[in-house]
Each structure stands twice: as structure tokens, then as C-alpha cells.
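Report on the structure given below.
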Amino acid sequence: MSVGSWAERRARRTPHRTALIHRDSAIGYAAMYGRARRLAGVLRGRGVGRGDRVAFFGPNQPAYFDAFFAAGLLGAVFVPLNTRLAAPEIAFQLADCGARVLLHTGAASALPAPPSGPPRLRLDTPDLADPPAPSSAPAAAEPVPPDAPCVILYTSGTAGRPKGAVLTHANLTWNAVNMLVDTDLTAGEVALVAAPLFHAGALGMLALPVLLKGGACVLMDAFDAGEALRLIERHRVTAMFGVPTMYHRIAGHPAWSSADLSSLRTLVCGGAPVPEDLADVYARRGVPLRWGYGLTEAAPGVLLADGAGAGGTGAGAEPPAGLGGLPHMFTDVRVVRPDLTEAAPGETGELLTRGPNVMAGYWRRAQETAAAFASGWLRTGDAARVAPDGTVHVVDRVKDVIISGGENVYPAEVELALLRHPDVADCAVIGVPDPLWGEVGHAVLVAAAGRRVDPAQVLASLPGRLAAYKIPRSAVVAPALPRNGTGKLDRRLVAAAYGAGAPWAEGATGRAGQAAPEPRSAAPEPP
């Protein structure tokens, strides 16, 4: 029942169909299985066996799947590392998971300096020139129970040290089944894997479901909007997963208006709230975006908008305020109050989820695992509400809520309203202390290309669209906002740079020796 057996089973059923496309070169399913089996033999010869952790460091290349399926064939646990991390961060994850071996491609300058960490094996050098002895290459996938660990994915660590979410073979399988049911993926699918595979979105929402079905994955080493449009046309791409930033860049590329997008059927957008104008841009080209919500701990799918109905982005559909949709086929959700009682329809509470796709726990962190669950339900830490039509709208992180005069203000909801102003390209809303209201919103605005932002004018556009208590009391202009590797806003860094007592408030010098933009603030009437 191992996920590692997928390559073997696909090679048996569709040996000559294309599995991977990289730099316009194709690899069939039989060849993909052969590569994985060969690497598994090499790893077995180096003592790697069932339950051992096999780390991988590299971009979206065929070597990723060599390592993924080779680990699966041995019953080992695959640990993909974020290539954007610094050496000390990588060293922490290698030590935390107890990696038996580190596989990598390309130069290892970003990796911890030897002899730190486990033995290394470079996959794109003569290290693997000699084929393994016949006895060392596994004849079939190592049998493992469905609840055995398959992958450890480290969370982004925005709340401190990253934790390794343990996803079992059953977790990955059921998440893929959910996607096959809810998006109608076919064996003829051609998926553009443009988001990094070391994150759950690209792996679980696209690559694994497509490979399970027998489609083809077009791999991009690194995302580039122009190259994405070229690959869509060249390979007649039908499906893609990305974060809003990626879709923004594609739509803003000079080739967007003339690109042939007629092959596209399924575009899933997750990881951050999706602005209404972005959805409109794609709908006008006849390729609606589908809002999705998930988290690493759920492998990752939890909610997905119906492309033609509830929460969809088709013509005439009203986009939800934030991420949202319906629970995946074999996934359940609840919205609860702080005392864990059921929230009423329309009432904002914490989103809980359960299902066969939800993780076994955090690697070697029993206390954190226990805190993450409530009576078998995973606590997402995200605030949500259930709409009258049954769709679940994710509003914001519970911990990011601003409590102003006793009212809850969810920054993501305010940010979506701010993004509707034509002068605003990006924004963040954080809470700052206020002697009367306890806390009020403060907006950090980034100007659209070729435009100048007037904070007072932007804030003045919000009455009538947001309740008075939700409107930020002040705003400041910034050159850019900090985001992590998945495109998510890093509110901690925003608060450090633009919150109460931050350099901008005192006219000090900005980070990295650059002068901070002169703050231009505006304060509407109190909420």
C-alpha cells in the first residue's frame, strides 16, 4: 500500500505514457520507475531502510521524484528541504528529523558546511554512474501499513522553530483521491508544476494526483511568468496550482494578452486571499481560478471552491471574502467558538478539520501534537464562517485578529477591500495600540506600478464597503512587503518594520541601511 509503489504500478499499467517533462525532455512512467528503483538500490547499499529519513535538497527536477519514489520503495521517509532556507535553518531540520542521508542536485553552497549533517549524495554527478548490484535494487516496494510515515514536511515556522508535519501513506493517498474526485483530473492531464515541490501545495494538490491518474507533470526549476506562458502553449497545459502572487505575475506579463490559454481547465489558487480583480482577469480569459484552502498538516487540501457555483470565480460568481469553498469529498470541517461549541451560521470561529488526509502528528513533538487536536479534530488556527449556502469562508488567522473596541477585525478581509483601490498593488493590515479602543488597524500600502498612493484617499474609499470599526485608523506607504517562500505575508516582519515603535514611526533608518519611506498617514473618524 506504499505510495512508493505508485511508480511501479504506473509503469505496469502505462509504461510508455509521459510522466515528467523537464526542459522539454520527456520521461515515461517505465523510465521514471527505473530511475527510482536504481536510486533505491544505491540507497539500500548505503544502509537506508524502512523508517529511515531521506532528505532532499533541490529544485523541481526529475531528481525530486527519483528521490521521492526511491525512498518510498524502501519504506523510508522522504524529507524535502526548502531551497530558500539559510544553512543554519537547513541544519536544524536535518538534525530534527535525524536524516540518514541527504540527496541533492547542483551546487551545495546553501547547505551546511561538511562534515555537518548526514552523508551526502549528489544525484546529477557520476556518484550514481555505476548501477547497483541486482540484489540491492528492490524487486518491489517495501510493504508498509497505511499509517506509516511517508513524508515529513516542515511548516514555515512563523510562530517559532518549524515543526515537521508527518504525513502518512494514507494521508497522501486520500488527499490525491480528494483531488481526483473534486477536480475531475484525467489521464490526459498535463500539469504545470511551477510552485516548489518542497511545499505541500504543489506536491499534494497537483503533482501526486496527476501522477496517480497517469498524467504528465511539466516541471519548472523556478517560477518565471514568461516561461510559464511558454510552457502552457508548448505542452498544452491543462492544470496548475499557484499562489496569488504567481497568478498576478502571469497576468501582468506582456505575453498574457496574446498567449494561447485554450488548453487550461483547472487553475487552483491557494496560500493567501485572492483579490477580486485577479479573479476577474482570469475569468475574462475564460480560465476561472478556483479558490482552495489547505495546510501542510492536511496534506494539504481542506476546502475547494466549486468552479461553477459556490465560491467559484466564473462569470457572475461573487468571490468570497478570503479563501473558501466546500470541504473535499472525504474531509470534514467544523467552525467552533473558543469553548469548542458549534458556531452559528455566519458567526466567525475557529476552523477545525478531520479526515484520512489529516497528519499523524508532528515529528517527535508529542506536546505540540496534542495541542493541535481537539477530540480528534485538527485545530487549524484559522478563523472562518459558514455562509448561508454552506460554503466555508476562511477569514484570517485567529492569532492575527485585531480586537478594536470589543469588535473582531480580521486583517485579510480589510486587505481584500484595500486591494480594490487602483493605486494599491499590495497591502498589509496590522494592529497598533490605541488608548481609546485598545487596538486599531494600521495599513501598510504598496503602490501599483506607475501610481502614487495617497493613504488618506485610499482609506476614504472604504466607508460603505466595510464597517466603520474595520477601517484602519492610519496608513503608511512602503516599497514592498515581506513574504515567505509560499508567497504568504510575514506579519511579524511587517509589525517589526511598521508597527508601534518601529523605525518608520520615529523617522529612523530602515532595514539594511536603506532610508525608510517617509510615512504619510491618515486617520478617519474613530470606529
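The values are calculated or read from the model by the stated rules, or taken from the named source; none is laboratory data. None of these values were measured; they are calculated from a predicted model. Ideal geometry is used to build each Cβ from the backbone, glycine not excepted, and the neighbour counts take in all protein chains shown.
Some values worked out for this structure:
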read-out: Matching residues in region 398-412 - criterion: being crowded, with 21+ Cβ neighbours inside 10 Å and part of a helix (DSSP H, G or I); value: PRO411, ALA412
read-out: Residue selected from region 341-372 under the condition in a helix (DSSP H, G or I) and of a type outside the set (Asp, Glu), by the criterion nearest to the chain's Cα centre (by Cα); value: ALA372
read-out: Selection from region 20-76 of residues that are out of contact with any His (no Cβ under 7 Å at 6 or more places or on another chain), assigned to a helix (DSSP H, G or I) and either on the phi > 0 side of the Ramachandran plot or not hydrophobic (A, V, I, L, M, F, W, C) (or both); value: TYR29, TYR33, GLY34, ARG35, ARG37, ARG38, GLY41, ARG44, GLY45, TYR64, ASP66, GLY72
read-out: Residue match in region 108-115 (condition: modelled with pLDDT under 95, part of a helix (DSSP H, G or I) and over 17 Å from TRP6 (Cβ atoms)); value: no
read-out: Verdict on GLY49 being farther than 25 Å from PRO145 by Cβ and assigned by TED's automatic domain parsing to the domain that holds ARG100; value: no
read-out: Which listed residue, of ARG385, ARG379, ARG365, ARG397, is of a type outside the set (Val, Ile, Thr) and more than 18 Å from VAL302 (Cα to Cα); value: ARG365
read-out: Region 455-475, residues that are assigned to a strand (DSSP E or B) and surrounded by fewer than 13 Cβ atoms within 10 Å (Cβ to Cβ); value: PRO463
read-out: Residue tally, condition surrounded by 19 or more Cβ atoms within 10 Å (Cβ to Cβ) and over 20 Å from ASN60 (Cα atoms), over region 6-40; value: 3
read-out: Test: residue in region 148-170 that is under 16 Å from the mean Cα position of the chain (by Cα), part of a helix (DSSP H, G or I) and not assigned by TED's automatic domain parsing to the domain that holds SER5; value: no
read-out: Listing of strands (runs of 3 or more DSSP E) fully contained in region 189-305 that carry 1 or more residues being more than 30 Å from ALA387 (Cα to Cα); value: 190-193, 216-219
read-out: Single match in ALA387, ALA383 (criterion: under 25 Å from the mean Cα position of the chain (by Cα), surrounded by fewer than 17 Cβ atoms within 10 Å (Cβ to Cβ) and at pLDDT below 95); value: ALA387
read-out: Filtered residues of region 352-371 (kept if more than 21 Å from VAL177 (Cβ to Cβ), hydrophobic (A, V, I, L, M, F, W, C) and in contact with a helix residue (DSSP H, G or I) (Cβ under 7 Å, 6 or more places away or on another chain)); value: TRP363
read-out: Qualifying residue in region 70-86 (condition: of a type in the set (Lys, Arg), surrounded by fewer than 14 Cβ atoms within 10 Å (Cβ to Cβ) and modelled with pLDDT under 95); value: yes
read-out: Criterion violated by THR186 - all others in (1) modelled with pLDDT of 95 or more; (2) outside any helix (DSSP H, G or I); (3) within 17 Å of the chain's Cα centre (by Cα) satisfied; value: (3)
read-out: Any hit, region 405-412, residues being at negative phi and at pLDDT 90 or above; value: no
read-out: Options THR348, THR341, THR369, THR353; residue that is crowded, with 22+ Cβ neighbours inside 10 Å and hydroxyl-bearing (Ser, Thr, Tyr); value: THR353
